[in-house]
Structures are given as structure tokens and as C-alpha cells.
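The structure under discussion appears below in the form of C-alpha cells.
The values are calculated or read from the model by the stated rules, or taken from the named source; none is laboratory data. These numbers were taken from a predicted model, which means no experiment stands behind them. As a convention, Cβ positions derive from the backbone with ideal geometry for all residues, glycine included, and neighbour counts pool all protein chains shown. The accessibility values were calculated without ligands, DNA or RNA, using every heavy atom of the protein model including side chains. Shrake-Rupley method; radii C 1.70, N 1.55, O 1.52, S 1.80 Å.
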Amino acid sequence: MRKTILFDLDGTLLPLNIDLFIEKYINAISKFCAPLVEPRAFTRALWFSTDKMLQNEGHGTNEEIFMQHFLAQLKKNKEEVYPLLEKFYTQEFGKLQKYIEPSALAQSIVQKVVDRGWDIVLATNPVFPRLAIEERMRWAKIDGLPWRYITTYENSRSSKPSLRYYEEIIDKLQLDPAQCWMVGNDMEEDIVAGKLGFRTYLVTDFLIDKGKGGQVPDYQGSLQDFWVFVENDTLN
């Protein structure tokens, strides 16, 4: 069993105000797709389908569940919608970087744990396509690192905070949770991994705590504190 660290992305390795980012993202994609669907109708369909995807417990990939509902809501077919979305993610999504202030620590931290012999998994909530996740990885300057696995809506069949999300990673990579860490900023979505035996570190710079976690992190602190934690080889 390989020693493995699972890292959350948004609000952890990529500092951001998630509410502001989602607002700007929704505005950008709905306007971009306006030639096909009226923006308010597009936004309603997007939220509805995302909610259905978040309820997925293995009934298909997250992409399949999302698109099943999204296309039905829009009353459009795959051939109309997919090329437009791909064009948005390849040409327009990158412009949202202006709402992000990346931390130089992210790349240094991940490289350091790799140098210490740990495998790395990007355990971002898989509600975005890989194109969007890879773009945000570039913003965080962690795209060139040797990620063993990256969760996306194409390859995942559940989402955080469901334990099934973590169980799926365990099964796919044949992990021993006792040899793993989950590092993230969300008490409910990330620290819940502790219920399966992961050691957990709560990154508090962009802390999300809705009072629904029910699980206490093993350690917590800022991303700078986590850098010191890694430097001191406390992971072992």
C-alpha cells in the first residue's frame, strides 16, 4: 500500500472565494451559451442538474447524471450542447483566473510531499469537467506535478461529502486509509474522510464550516502552517 495524500483544490491549493468564483462562472457560461439558451433558463437548468449530480450514489458517472438532466431541462440534444460547452472551457473559462490569487506555497508543498515519497491525488469535488479542473490546476501551478489520480465529473460516480466518493478512490487506487491524508478547507466535504480512517488536515485560510461535518480534523492551520507541518516531516 502506497502512502498517499489527497488534496482538495478550491480554497486549499487554490486560494479563492468560492461564492464569488461561482457567481462569476455562472454569469460567464450563461452569457456564452446565450445564442443557444436564454441565460436565466440556462442557469436554472445548470443548478437543477448540478443538484441531481450531487445526489448521485453510483448510478452512472457524474457527467452522465448531470447531462441526462441538463439536456432534458434545456430541451436540447448532446450534439448541440457539448461543442458549445467545450468551446467555453477551452476559450473562455481561463479568463476567470483574474478572480484568483494563487499561492506560491501550493506547488512547493505538493512537490515537497512527492520528494518525501508520498503519492498525490487531486481530490477536488468532481462536479466540473476535466478541462475546467486542469485549467484551475494551471492557475495553482500544480499541473506539472506527478498526480496519480485526479477526480473529475467524467471519472467519478459520486461527490463530496458522500463517503462513497472516498471509497471509490480507495477502491480504484487500492489505498489503505491508515496510510493516507486528506487535506482540505471544508469541514463537511473534506474532513468527513476521517470516518474512513484517513488522517485529516483542515486548511483554514478559506475555511468552510456549515456546522454539518460531525468530524474533528486531526490537525488544522493555514496553508503556511501546513507547509511547516510538511517541512518538519510530521506527516509520518
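Please list the equivalent ellipsoid semi-axes of the chain, computed as the square roots of five times the alpha-carbon gyration tensor eigenvalues, in descending order and whole angstrom.
Values: eigenvalues 193, 74, 49 Å².
Largest first, the chain gives 31, 19, 16 Å.
At a 1.4 Å probe radius, carbon and sulfur cover how many percent of the accessible area of the chain?
Ligands and nucleic acids excluded, carbon and sulfur reach 47 percent.
Taking the Cα centre of the range 75-196 as origin, work out the dipole magnitude from +1 charges on Lys and Arg Cβ and -1 charges on Asp and Glu Cβ, in debye rounded to 20.
Working: 18 positive and 19 negative charges, 51 e Å.
With only Lys, Arg, Asp and Glu charged at Cβ, the dipole is about 240 debye.
Rg/Rh for the range 107-198 to two decimals, with Rh computed the Kirkwood way over all alpha-carbon pairs.
Taking Rh as the inverse mean 1/r over Cα pairs, Rg/Rh reads 0.93.
Order of 2-12, 148-158, 207-217 by packing, highest average Cβ count within 10 Å first? List each step's numbers first, then the result.
On the way: 2-12: 22.3, 148-158: 20.3, 207-217: 13.5.
Averaged packing, sorted descending, gives the order 2-12, 148-158, 207-217.
Please report the antiparallel percentage of DSSP beta bridges with both residues in the chain, rounded to the nearest 5. Provide the component values of the computation, followed by the final result.
On the way: 0 of 19 bridges.
Within the chain, antiparallel bridges account for around 0 percent of the total.
Considering only the other residues whose Cβ falls under 12 Å of the Cβ of residue 37, what net charge follows from Lys and Arg at +1 and Asp and Glu at -1?
Taking every Cβ under 12 Å from that of residue 37, the sum is +3.
Per Stokes-Einstein, at 4 °C and 1.567 mPa s, what whole-number D in µm² s⁻¹ belongs to the range 4-46, with the Kirkwood radius over Cα pairs as the hydrodynamic radius?
108 µm²/s
When all alpha-carbon pairs of the range 158-236 are counted, what percent fall beyond 14 Å?
60 percent
If you average the C-alpha positions of the range 212-236 and of the range 1-50 separately, how far apart do those two centres end up, in angstrom?
27 Å
What size of dipole, in debye to the nearest 20, comes out for the range 42-96 about its Cα centre when the only charges are +1 on Lys and Arg C-beta atoms and -1 on Asp and Glu C-beta atoms?
Working: 7 positive and 8 negative charges, 49 e Å.
Value, rounded to 20: 240 debye.
Taking the mean number of other Cβ atoms within 10 Å as a proxy for protection, how do you rank 119-126, 52-59 from highest to lowest?
Descending packing order for the listed peptides: 119-126, 52-59.
What pairs from 31/87; 112/210; 52/160; 160/212; 31/98; 52/212 go past 23 Å between their alpha carbons?
Pairs exceeding 23 Å: 112/210.
Select from 16, 85, 149 the residue farthest towards the positive end of the dipole of the chain; place +1 on Cβ of Lys and Arg, -1 on Cβ of Asp and Glu, and compute about the Cα centre.
So the residue we want is 85.
Using +1 at the Cβ of each Lys and Arg and -1 at the Cβ of each Asp and Glu in the chain, identify which of 229, 117, 174 lies farthest towards the dipole's positive end.
Going by the Cα projections, it comes out as 174.
Using a cut-off of 11 Å between beta-carbons, work out the net charge of the residues near residue 15 (Lys and Arg +1, Asp and Glu -1, residue 15 not included).
So the surrounding residues net to -3.
Can you give the net charge of the other residues whose Cβ lies under 13 Å from the Cβ of residue 120, counting K and R as +1 and D and E as -1?
Result for the neighbourhood of residue 120: +1.
Starting from the Cα of residue 17, step 7 Å along the direction of its Cβ; do the same at residue 196; then give the gap between the two resulting points in nm.
Result for the modelled spin labels: 3.3 nm.
Nearest 500 deg cm²/dmol is fine: what mean residue ellipticity at 222 nm does the chain get from its DSSP H runs of n ≥ 4 alone, each adding -39,500 (n - 2.57), divided by its residue count?
Rounded to the nearest 500, it is -13500 deg cm²/dmol.
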